[in-house]
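Chemist: Before I ask anything, let me first share the structure, which is written out below as structure tokens.
The values are calculated or read from the model by the stated rules, or taken from the named source; none is laboratory data. Computed from a predicted structure; not experimentally measured. Cβ atoms come from the backbone with ideal geometry, glycine included; neighbour counts cover every protein chain shown. We work out accessible area using only protein heavy atoms, side chains counted, and drop any ligands, DNA or RNA first. Shrake-Rupley method; radii C 1.70, N 1.55, O 1.52, S 1.80 Å.
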Amino acid sequence: MKESELSTEPIGQNLIKLISNLCFSVFVFSVLIFTVIAITYQPPDPWLESAPALTKLFTQTENATFKNDDSVLKTGEDLLAVATPTVPPALAFNPITETVIEKSEERISNLSLRSDCEDFGAVNCSDPRVLLTVERFNLKIFKFIVFLEYQTPVSGSKPDECDVAWRFRNKKEKSWRKYRDFRRFKFGIGENCTYTVVHAGGWHSGINARRPRIRPNSTRSGGNPKLAPPIRDEEINDTIPTLGSDMNFRKGKYLYYARGGDYCKGMNHYLWSFLCGLGEAMYLNRTFVMDLSICLSASYNPSNKDEEGKDFRYYFDFEHLKEVASVVEESEFLRGWKKWDRGHKRKMPVKKVTTYKVTPMQLKKDKSTIIWRQFDAPEPENYWYRVCEGQAAKYIQRPWQALWKSKRLMNIVTEISGQMDWDFDAVHVVRGEKAQNKDLWPHLDSDTSPDALLTKLKEMIQPWRNLYVATNEPFYNYFDKLRSQYKVHLLDDYKELWSNTSEWYNETTQLNDGKPVEFDGYMRVAVDTEVLYRAKTRVETFYNLTKDCKDGINTC
């Protein structure tokens, strides 16, 4: 009996050891597979995944060239509504958020706004109860506005008036940029001797609350500073950063893209390529060298000619770009490079890359101070965006969140929306070359005729509403028939916002070394697009007005 037990005992122990070893091997193998997947997996670009329409727009290529649709132009802030990026703590301001506003509204409604009914000859505008009345009025009237901060009210032109200024943003703009409005309010006495707003002026009507700005060197001897019209939005800081000392320059790591075949292509092509380069710089943990001088394609110019020498800052928010990405302006970079090479025996370590086929992954471990990508091949081999094709597409994520429209253009958008008191509908009418091309868009011309437009809009928009028409139709009076039913607004109704007396004109002229800047076709489309996005009801050409497909026949 004992011999039998002894003979079976080693077999049982060996079986247990065998099973244990097998389980351990499976566990180790599973961990190994998981580790490999974790290392090699590259998530999709969240900005493009969150905006499939934009992805389709930019990736529809034929023989590596673009089919542009420039009727609507999207940038990073337009995508934030569906994919809000993480805001670095250092960049975030502390606005009165929607939650805080709700609490503020509760606080206002619970406070007594009693005034001295027997002595209401004039309103004391510095009385906190006046501001509380304005806050409550604004919260009730402007549902699409986030109010960030108020200034102390000041006297208006009459004893019962006060001018009030505040900073705000529109809820449909998901950036953290702030805008300014100032309005005139007429007060009366309501129930229980409370202040009430009898009348509120329109956009920028409270001129006494406008912050005065002083021109430099405008003081006269023995006199006070001479006040001048606003010449600059003080919140815009798009100055070019400097590199500092030679040693600071040497310590940096740079990715430099030489000018390629993308120059003078459509703006969508330019953005697709520019964000490829910026994305590669982020992947390589390098500072991207960017040329602020861009070429505007002929498609945006009435002369139908390409226009070189346009400043990036006319169109895009360089201040925001500097905050979220490491960039240096090209001439500043070249100056630092030449200065180093002249002052030191050892030249700057440079790696020249002559083809896009050298992938970002191959450059990841390169120690050179400068990686210089050159694009000298014939088109389409010399397009920047070719760097991000193929396998590289899994590693390079285009940083859409870094690219916003210029705040100077957005100030015009805000001004237009504000003049309509943020209470308007909009229709996007695409005409131009598409309406003339009967082969690809057989019904577009007739479907966007004045009679057809009026018939369609009656079904979707209430009569006598403010109606903003975003369009590429060149004839101003084309939409006159709509005026029988709506308060029609077109971009050209607001020409004073970029005239030679405007803030936009003054600031862009300063950027352009004192030479006036044309309000070109791209700027018009950018402003049209953003006003369109702020409408309460939005009517689109290819979804509401016509059955034609956006990209031509049989492409729906």
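Chemist: State which residue is nearest to D421 (Cα to Cα) when the search covers only the stretch 103-151 and only residues that are of a type in the set (S, T, N, Q) and modelled with pLDDT under 85.
Modeler: S104
Chemist: Being part of a loop (DSSP other than H, G, I, E, B), among the charged types (D, E, K, R), surrounded by 12 or more Cβ atoms within 10 Å (Cβ to Cβ) and modelled with pLDDT of 75 or more is true for just one of R167, R177, R184. Which residue is that? Write out each step before concluding.
Modeler: Numbers: R167 fails: part of a loop (DSSP other than H, G, I, E, B); R184 fails: part of a loop (DSSP other than H, G, I, E, B).
One residue alone meets the criteria, R177.
Chemist: Something else now. Just give me the residues in the stretch 288-306 being touching a residue at least 40 places away in the same chain (Cβ under 8 Å) and either surrounded by 17 or more Cβ atoms within 10 Å (Cβ to Cβ) or of a type in the set (V, I, T) (or both), in sequence order.
Modeler: F288, V289, M290, L292, L296, Y300
Chemist: Return the residue satisfying two criteria in turn: it lies in the stretch 507-556 and is basic (K, R) and within 21 Å of the chain's Cα centre (by Cα), and of such residues it is surrounded by the fewest Cβ atoms within 10 Å (Cβ to Cβ).
Modeler: K536
Chemist: Going by what's in this entry, would Y256 be described as out of contact with any His (no Cβ under 6 Å at 6 or more places or on another chain), modelled with pLDDT of 90 or more and part of a helix (DSSP H, G or I)?
Modeler: No; evaluated as a whole, the condition is false for this residue.
Chemist: Is one or more of the residues making up the stretch 265-284 of a type in the set (S, T, Y), closer than 22 Å to Q397 by Cα and buried (at least 19 other Cβ atoms within 10 Å of the Cβ)?
Modeler: Yes, the conditions are met somewhere in the stretch 265-284.
Chemist: Condition (residue is over 20 Å from P241 (Cβ atoms), open to solvent by 40 Å² or more (accessible area, probe 1.4 Å) and among the polar types (S, T, N, Q)) applied to the stretch 332-355: is it met by at least one residue?
Modeler: yes
Chemist: If a residue has to be of a type in the set (S, T, Y) and not in a helix (DSSP H, G or I) to count, how many in the stretch 507-541 make the cut?
Modeler: Going through the stretch 507-541 one residue at a time, the tally reaches 1.
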